[in-house]
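The values are calculated or read from the model by the stated rules, or taken from the named source; none is laboratory data. In this text, all values refer to a predicted model and were calculated from it rather than measured experimentally. Note: ideal-geometry Cβ built from the backbone for every residue, glycine included; neighbour counts use all protein chains shown.
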Amino acid sequence: MFLFFANEINGTTATFGEAESRHCIHVLRKGAGDEVHFTDGKGGWYVGVILRANKKGFSAKIISQKLEYGRPAFHLHVGIAPTKNIDRFEWFLEKATEFGISEITPLHCSNSERKRIRPERLEKVLLAAMKQSLKAYLPKLNELCSFEGFMEKTATDSPANRFIAHCRNGQLPHLKDNYLAGNDVVVLVGPEGDFSKEEISLAAQKGYSPVSLGNARLRTETAGIAAVHIINLANH
């Protein structure tokens, strides 16, 4: 099965952009009257029949729908420092989407190796991963944010389950032993050089509990996936 992303849904008609048309119409050779499966990225799962198609897009008539399809029982927000090699960060986004993640905030930390990202490119990675894994929810990608700025924001609007994963203080409790399943959660993952002592201290002041992701030394993107997997495993 191929899943497509609808740019807009108006009543019983869905419209699709040029990229989706290229795949559906030109690669898969679908045309008027053919059935397609698609999502709006907001929990809607639809089956439709193609009405019109051209090089710049196509439209489909909705014949069935499921709302809140595969809705998770928890909100998982990961704040993570983008890697110097952007391919590795894109790999994290792809695999995190496959496992299940609600929100991602790229963090600029004291030891960060990357100061800029291209949101439009990263959004495409998330979209492709959502479709490939047949999910109906597109993870929210926030703007690159300073660690201090993220602390200020999450001090008031985040759940009680807040964790910062680091390896500066020896033996720390494992994330799996501290997270209570079914609850919304924020997990922070630092750059290759880890969070600074000042960042760890600030996080503690803002209600973040320090945790470990295991005994192995992990790359940033691997640590991010480990955190995502641990939270998802606890909820299944």
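Condition first: surrounded by fewer than 21 Cβ atoms within 10 Å (Cβ to Cβ) and in contact with a strand residue (DSSP E or B) (Cβ under 6 Å, 6 or more places away or on another chain). Now tell me which residues in segment 59-84 satisfy that.
First, pick out the residues of segment 59-84 that are surrounded by fewer than 21 Cβ atoms within 10 Å (Cβ to Cβ): 59, 61-75, 84.
Result: S59, K61, I62, I63, S64, Q65, K66, Y69.
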> Of the residues K56, K30, which is surrounded by 14 or more Cβ atoms within 10 Å (Cβ to Cβ), basic (K, R), in contact with a helix residue (DSSP H, G or I) (Cβ under 6 Å, 6 or more places away or on another chain) and not assigned by TED's automatic domain parsing to the domain that holds L144?
Replying inline: K30
> Among F195, F163, which is the only one that is closer than 22 Å to S112 by Cβ and either in a loop (DSSP other than H, G, I, E, B) or at pLDDT below 95 (or both)?
Replying inline: F195
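Going through segment 54-90 one residue at a time, which ones are among the acidic types (D, E) and within 23 Å of L3 (Cα to Cα)? Reasoning before the result, please.
The first filter runs over segment 54-90 and keeps only residues among the acidic types (D, E), leaving 68, 87, 90.
Within segment 54-90, E68, E90 qualify.
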> Counting just the residues of segment 59-71 that are closer than 17 Å to K131 by Cβ and not in a strand (DSSP E or B), which one comes out modelled with the lowest pLDDT?
Replying inline: G70
> Which of the residues that make up segment 91-107 are assigned to a helix (DSSP H, G or I), buried (at least 24 other Cβ atoms within 10 Å of the Cβ) and touching a residue at least 60 places away in the same chain (Cβ under 8 Å)?
Replying inline: F92, A96
